[in-house]
Structure formats: structure tokens, C-alpha cells
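Below is one structure, written out as C-alpha cells; the observations come after it.
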Amino acid sequence: MLIEKLIRKLKNDPNYKWENAYSVRDLACITIVRFTQAFRGLFLKPFLKSSSGLVFLGSNTKVRHAYQLSVGKNFILEDNVSLNALSEQGIKIGDHVSIARDSIIFCTGIISHKGTGITIGHRTGINARAYLGGQGGITIGNDVIMGPNVQIFSENHNFNQPGIPVKEQGVTRQAVTIGDDCWIGAGATILAGVEIGVGCIIAAGSVVTKSVPANSVVAGVPARVIKSREG
């Protein structure tokens, strides 16, 4: 199949296969959407800090401070994504990364306090309605997959002085790190300062408040390790 061969070349993956049979009409619709996204991406590429391949840009997607956004090959931003790269380190994205529709990716909340930035590794997929707040820094490894509605926070409000409004007590910023080959389930929340080791599985709906060792399966509110993938 011609499209399958084209995707193999774009992904540099000779083993890539279509797992289902598609009608001619299906393929035509898919092709039109991707070509339209690639055409939109051509207008974004000159404003990026760097780009090493095609950029696919969905409709109603907003990219602010693109001069601080570096992307690899075949970067996909689906419909209605809001991405703001304003930060000390910018946003750095590897090859073959996709960010699905309605996601919010930003690094600076309060303008007076510039955020740190976000790094996303190769072949990572971020599903719909993700919320990534990179004020304190977020690093996501290679081959990470996320379900819809995942939230990652790297900043917390201070609240230790009851006589002062919370919004006037400042914030604490702590980086979040997610290792390679992790699966973050739908609706999971990862809080500031958490490090998730390589190969971890975070169950849907979990609230991760503490760091997690490699190859752990984690679930609950607050989340805890329920088993190891290593047996």
C-alpha cells in the first residue's frame, strides 16, 4: 500500500503496518486531513527556533512564542491545541511526537515569574486534553504514551500563612521527570517534584504524589506501587 510505504519512510520504521483494512474513502479522508495539516505547518516552520522535518498543524491550534519551540521530524499538533513556549529553556520536542486535540502545553503562568520549560523525547504520544504546566520544568522521555486528560504540574502555591491570601504567598517549583517507555493512563495526575522511572505503568485516574522506581505499576489516590513489572 502506497500510504503505508510513505508512513514507513516518514517514521523511518520499516516494520510499520496498517493493522486494519481501510476503504478508499477512508484513506482519502485521512490523506486530505494530513496534507491540510502539513500545508498549515509550512506557515509555522519559519517562526520555530528549529525544525528538522514536517510539521502537521491542526485547525484552531495556537502556538505562541514559537521562537522558543524546537521540534524534530514529523511533529503533529492536532486541532485546538494551545502551546505557549515562553520560558527560560523553551520547549524541546523530539522526532515523531504527537500532541492530540484540545491539549494545553505551557511553561509560564504568571508573567512576572518566567517558567523553566518542557522537554519531550522521541516517539512520544500525548493524548487528548492533556495539561502540561512546565513552570518548574517537565522532562518526558522516549516512547512514552499518555491516555486522555493527563495532568502534569511542576508548580504549587504556598499556603503556610493563614493570614495572607494564598495568591500572595508565592509558589514552589519542582521539576517532574518521566522516564522512557512509560504508559500514563487516562485521567492520571502527576504532581510537582515527582520522578517516574523507566518502564512504569500509571493506572487511569491515579494521583502521583511521590517518586516511583523503574518498572513499577502504580495505582490509587494517592498512588502507590502495587507491583513490579520485573516479577
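The values are calculated or read from the model by the stated rules, or taken from the named source; none is laboratory data. The shown structure was predicted, so the numbers you read here are calculated from the model rather than taken from an experiment. When we count neighbours, we look across all protein chains shown, and the Cβ atoms used for this are built from the backbone with ideal geometry, even at glycine. Heads up: the accessible areas ignore ligands, DNA and RNA and are worked out on the full protein's heavy atoms, side chains in. Shrake-Rupley method; radii C 1.70, N 1.55, O 1.52, S 1.80 Å.
Annotation: V33 carries an accessible surface of approximately 80 Å², with a 1.4 Å probe and no ligand, DNA or RNA atoms counted.
With a ≥ b ≥ c taken as the square roots of the eigenvalues of the C-alpha gyration tensor of the range 19-152, please select rounded if a/c is under 1.5 and otherwise prolate if a/b is larger than b/c or oblate if it is not? Here the range 19-152 falls in the prolate category. For the chain, take the longest principal axis of its alpha carbons; what is the angle in degrees between that and the long axis of helix 24-44, to the nearest 10 within 0 to 90? With both axes taken from Cα atoms, the answer is about 60 degrees.
In a fully extended conformation the segment linking N12 and D26 would gain 2.7 nm over its present Cα-Cα distance, using 0.36 nm per residue.
Rounded to the nearest 0.05, what FRET efficiency do R224 and V171 give with R0 = 45 Å and r taken as the Cβ-Cβ distance? Could you check? E(calc), rounded to 0.05, equals 0.95. With 0.36 nm allotted per residue and the present C-alpha distance subtracted, the H157-S52 stretch has 34.0 nm of extension available.
The HN-Hα couplings worked out from phi for the range 208-213 by the Karplus form 6.51 cos²θ - 1.76 cosθ + 1.60 (θ = phi - 60°) are 8, 10, 10, 5, 10, x Hz, whole numbers, x standing for Gly and Pro. Dipole of the chain computed with +1 at Lys/Arg Cβ and -1 at Asp/Glu Cβ about the Cα centre; of G193, G90, W183, farthest Cα towards the positive end is G90. First check a/c for the range 123-231, with a ≥ b ≥ c the square roots of the eigenvalues of its C-alpha gyration tensor; if it is under 1.5, answer rounded, and if not, answer prolate when a/b is larger than b/c or oblate otherwise. It is prolate, given that a/c is not under 1.5 and a/b is the larger ratio. Can you give me the distance in nm between label points at D181 and A204, each placed 7 Å from the Cα along the Cα-to-Cβ direction? A separation of 2.5 nm, rounded to one decimal place. Using the Cβ-Cβ distance between F39 and Q89 with R0 set to 35 Å, the FRET efficiency works out to roughly 0.70. Taking other residues whose beta carbon is less than 9 angstrom from the beta carbon of D102, and scoring Lys, Arg as +1 and Asp, Glu as -1, yields 0.
When both bridge partners sit in the range 82-231, DSSP labels roughly 15% of those beta bridges antiparallel. Each residue of the range 152-159 was assigned a 3J(HN,Hα) from its phi angle through the Karplus curve 6.51 cos²θ - 1.76 cosθ + 1.60 (θ = phi - 60°); the sequence is 10, 10, 10, 8, 10, 7, 6, 8 Hz, with glycine and proline shown as x.
Charged side chains reduced to their Cβ positions (Lys and Arg at +1, Asp and Glu at -1) give the chain a dipole of some 440 debye around its Cα centre. Of all aspartates and glutamates in the structure, the ones whose alpha carbon falls short of 12 Å from that of K210, not counting any fewer than 8 places away in one chain, are E195. For the range 150-204, just say rounded, prolate or oblate: build the C-alpha gyration tensor, square-root its eigenvalues into a ≥ b ≥ c, call rounded for a/c under 1.5, and beyond that prolate if a/b exceeds b/c, oblate if not. Note, shape of the range 150-204 comes out prolate. The length gained by stretching the chain between I145 and V217 to full extension, at 0.36 nm per residue less their Cα-Cα distance, is 24.5 nm. Sorted largest first by accessible area at a 1.4 angstrom probe radius, with every protein chain in place, the residues S50, S70 fall in the order S50, S70. Y131 exposes around 70 Å² of accessible area when a 1.4 Å probe is run over every protein chain in place. For the range 11-167, the number of Lys pairs separated by eight or more positions or lying on different chains, with C-alpha atoms closer than 29 Å, is 24. Helix 2-11 axis versus longest C-alpha principal axis of the chain: approximately 40°, rounded to the nearest ten.
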